[in-house]
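*Asks:* Input: one structure, supplied below.
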Amino acid sequence: MIPLMKMRLARPTALIDINFVPGLSDIQNHNGGLRLGALARHTELEMSEAVAAVPILHDCAAGIADVQVRNQGTIGGSLAEADPSGDWGAALLALETSVVCVGPKGERSVKLEDFVKDAYTTVLAHEELVREVIVKKPARNSGGAYLAFKRSAPVYATASAAVQVTLEGKDICKEIRIVLGCVGLMAIRAKDAEGELRGKKIDGKAIQRAAEAAREAAEPQSDMRGSAEYKQALVAALVKRALGMAVQRARGERVEAGHEYAGR
Ligand SMILES: Cc1cc2nc3c(=O)[nH]c(=O)nc-3n(C[C@H](O)[C@H](O)[C@H](O)COP(=O)(O)OP(=O)(O)OC[C@H]3O[C@@H](n4cnc5c(N)ncnc54)[C@H](O)[C@@H]3O)c2cc1C
C-alpha cells in the first residue's frame with residue numbers, strides 16, 4: 001500500500017489499520033488443512049512448523065523479497081493486492097486453496113481460482129476483508145516445489161513455477177498441478193502441461209513435453225526483467241526443475257528448494 005501511495009497510484013481518503021484485530025494472524029492445522037490468518041506475515045509462515053509440512057508453501061514464504069518485506073508483508077494483503085508478480089498467487093494455486101472473505105453481509109469462502117479476476121483485481125467487495133486462507137493438505141505420496149527466478153532479492157521474480165504432484169508407485173503421475181507465475185496478468189494453470197504427465201510415467205520425454213506445453217501457456221510481456229521469449233524459455237526451465245524437486249519430495253526425499261538469483 002505504501003509504495004502505491006508514494007507513486008500516487010492509490011490516494012485513499014482514509015486508511016484503517018487492521019493490525020490489532022485479534023485472531024487474524026493465526027496459523028493452525030484444521031480439519032486436514034491449514035488455516036492461515038490474513039495477517040500472517042511471510043516470515044511467520046516461513047518459520048511455522050505447520051507450514052513446513054507443505055514444503056511448497058515454505059519455499060514461497062522463505063523467498064519473498066528480503067527480510068524487511070517478509071517481516072511486514074502478509075498473505076492476506078498479498079492475495080488482496082493480486083499483483084501479477086506476487087509469489088503467493090502462483091504457489092497457492094498449485095494446492096486446493098480457498099479465501100475466506102468477511103463483510104457486512106457475512107462470510108463467504110471463495111476458491112482461489114475464482115478469487116483473482118485480473119491483474120490487481122479480485123472479487124472482494126468494497127467493504128469486504130480477507131479473514132483467512134484455507135489450504136487443503138496434499139495427499140500422501142504428494143510433493144510440491146515453488147521456484148522463482150529473481151535478478152536480486154528485493155525485486156519481484158522474472159518468472160516462477162509451482163508444481164504439486166501425487167505419485168502412484170515411484171514414477172507414475174496420479175495427479176498434478178503446474179502453475180506459472182509472472183508470465184501473465186494472473187498466475188496461469190498450465191493445464192496442457194499437466195495433461196502431458198497425468199496418468200503417465202514421469203520420464204525425460206514426458207518432462208520435456210510438459211515443459212514445452214508450459215512454454216506455450218505462458219503469456220509474458222517484454223519489460224526490464226527480460227524479453228517475452230526469454231521469459232518463456234525461463235519458465236519452461238523452472239517447470240522442469242520444480243517438477244524434479246516435487247517428484248523427489250513425493251518420494252519422501254528431503255530437497256532444499258528456494259528462489260534462484262541471477263548470477264549465482
Ligand atoms: C520492496 C518490495 C518488494 C516486494 N517483493 C515481493 C516479492 O518478491 N514477492 C511477493 O510475493 N511480494 C513482494 N512484495 C509484496 C509484499 O510481500 C506484500 O505482501 C504486499 O506488498 C502486500 O503488503 P501487505 O500485506 O502489508 O498489505 P498492504 O500493503 O497493507 O495492502 C495491500 C492491498 O491489499 C489490501 N488488503 C490488505 N490486507 C487485506 C485484507 N486482509 N483483506 C482485504 N484487503 C486487504 C489493502 O487495502 C491494499 O489495497 C514486495 C513488496 C515491496 C514493498
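The values are calculated or read from the model by the stated rules, or taken from the named source; none is laboratory data. From a predicted model like this one, the values you see are computed outputs, not experimental measurements. Here Cβ is always computed from backbone atoms with ideal geometry, including for glycine, and neighbour counts include all displayed protein chains. When the accessible area is computed, the model is the full protein with side chains, heavy atoms only, and any ligands, DNA or RNA have been set aside. Shrake-Rupley method; radii C 1.70, N 1.55, O 1.52, S 1.80 Å.
*Asks:* Quick one: order T166, T121, T158 from most to least accessible surface, probe 1.4 Å.
*Replies:* T121, T166, T158
*Asks:* Which residue fluctuates most in the GNM of the chain (Cα springs below 10 Å): V239, V135, V102?
*Replies:* Among V239, V135, V102, the largest GNM mean-square fluctuation belongs to V102.
*Asks:* Round to a whole angstrom and tell me the spacing of the C-alpha centers of the range 17-65 and the range 80-99.
*Replies:* Measuring centre to centre over Cα atoms gives 13 Å.
*Asks:* At 10 °C and 1.306 mPa s, what whole-number value in µm²/s does Stokes-Einstein give for the translational diffusion of the chain, with Rh from the Kirkwood sum over Cα pairs?
*Replies:* D = 85 µm²/s.
*Asks:* Pull up the DSSP beta bridges for the range 149-264 and report the antiparallel fraction as a percent, rounded to 5.
*Replies:* Roughly 90 percent of the DSSP beta bridges within the range 149-264 come out antiparallel.
*Asks:* Compare P104, P55, P138 in a GNM of the chain, Cα atoms joined below 10 Å, and give the one with the largest fluctuation.
*Replies:* P104
*Asks:* Can you work out the accessible area per residue across the chain, with the rest of the protein chains kept in place, probe 1.4 Å, in square angstrom?
*Replies:* Result: 51 Å² per residue.
*Asks:* Same structure, new question: Among rounded, prolate and oblate, which fits the range 121-264 when a ≥ b ≥ c are the square roots of the eigenvalues of its C-alpha gyration tensor, a/c under 1.5 means rounded, and a/b larger than b/c means prolate?
*Replies:* oblate
*Asks:* Over the Cα atoms of the range 17-146, what Rg and Dmax result, in angstrom?
*Replies:* 13.7, 42
*Asks:* Which of the lysines could a cross-linker bridge to K111, judged by Cα under 26 Å and excluding same-chain residues fewer than eight apart?
*Replies:* The reachable lysines, counting only those whose Cα sits under 26 Å from K111, are K136, K137, K174, K191.
*Asks:* With each run of n ≥ 4 DSSP H residues scored as -39500 (n - 2.57), what mean residue ellipticity at 222 nm is computed for the chain after dividing by its residue count and rounding to the nearest 500 deg cm²/dmol?
*Replies:* -9000 deg cm²/dmol
*Asks:* Select from the range 81-149 those GluC sites (Glu not before Pro) which occupy a DSSP coil region and have at most 15 other Cβ atoms within 10 Å, ordered by residue number.
*Replies:* Those that pass, being in a loop and sparsely packed, are E127.
*Asks:* Calculate what fraction, in whole %, of the accessible area of the range 1-45 sits on carbon and sulfur atoms when a 1.4 Å probe is rolled over the protein chains.
*Replies:* The nonpolar share, carbon plus sulfur, comes to 57 percent.
*Asks:* Continuing with this model, one more query. Comparing A153, A50, A14, which has the greatest mean-square fluctuation in the GNM of the chain with Cα pairs linked when under 10 Å apart?
*Replies:* In this elastic network of the chain, the residue with the biggest mean-square fluctuation among A153, A50, A14 is A14.
*Asks:* Okay, moving on. Largest first, how would Y156, Y120, Y146, Y261 line up by accessible area (1.4 Å probe)?
*Replies:* These residues rank, largest area first, as Y120, Y156, Y261, Y146.
*Asks:* What figure, in Å² to the nearest 10, do you get for the accessible area of K200 with a 1.4 Å probe and non-protein molecules left out?
*Replies:* Looks like 80 Å² after rounding.
*Asks:* Starting from the Cα of K6, draw a straight line to each of the lysines and keep only those under 26 Å, dropping any in the same chain fewer than 8 residues away.
*Replies:* K117, K150
*Asks:* Heavy-atom accessible area of S98 with all protein chains present, probe 1.4 Å, nearest 10 Å²?
*Replies:* Here the residue's solvent-accessible area equals roughly 30 Å².
*Asks:* Leaving out ligands, DNA and RNA, what percent of the accessible area of the range 191-240 is carbon and sulfur, probe 1.4 Å?
*Replies:* 47 percent
*Asks:* Can you give me the Cα centroid spacing of the range 100-128 and the range 212-241 in angstrom?
*Replies:* Distance between centres, Cα-based: 29 Å.
*Asks:* Please state the relative contact order of the range 1-153 as a whole percent: Cα pairs under 8 Å, 6+ residues apart?
*Replies:* Worked out over the range 1-153, it gives 25 percent.
*Asks:* Just how much of V67 is accessible, in Å², when a 1.4 Å probe is used and the result is rounded to the nearest 10?
*Replies:* Roll a 1.4 Å probe over it and V67 shows about 80 Å².
*Asks:* For E196, E216, what's the largest-to-smallest order of accessible area, 1.4 Å probe?
*Replies:* Accessible-area ranking of E196, E216, largest first: E216, E196.
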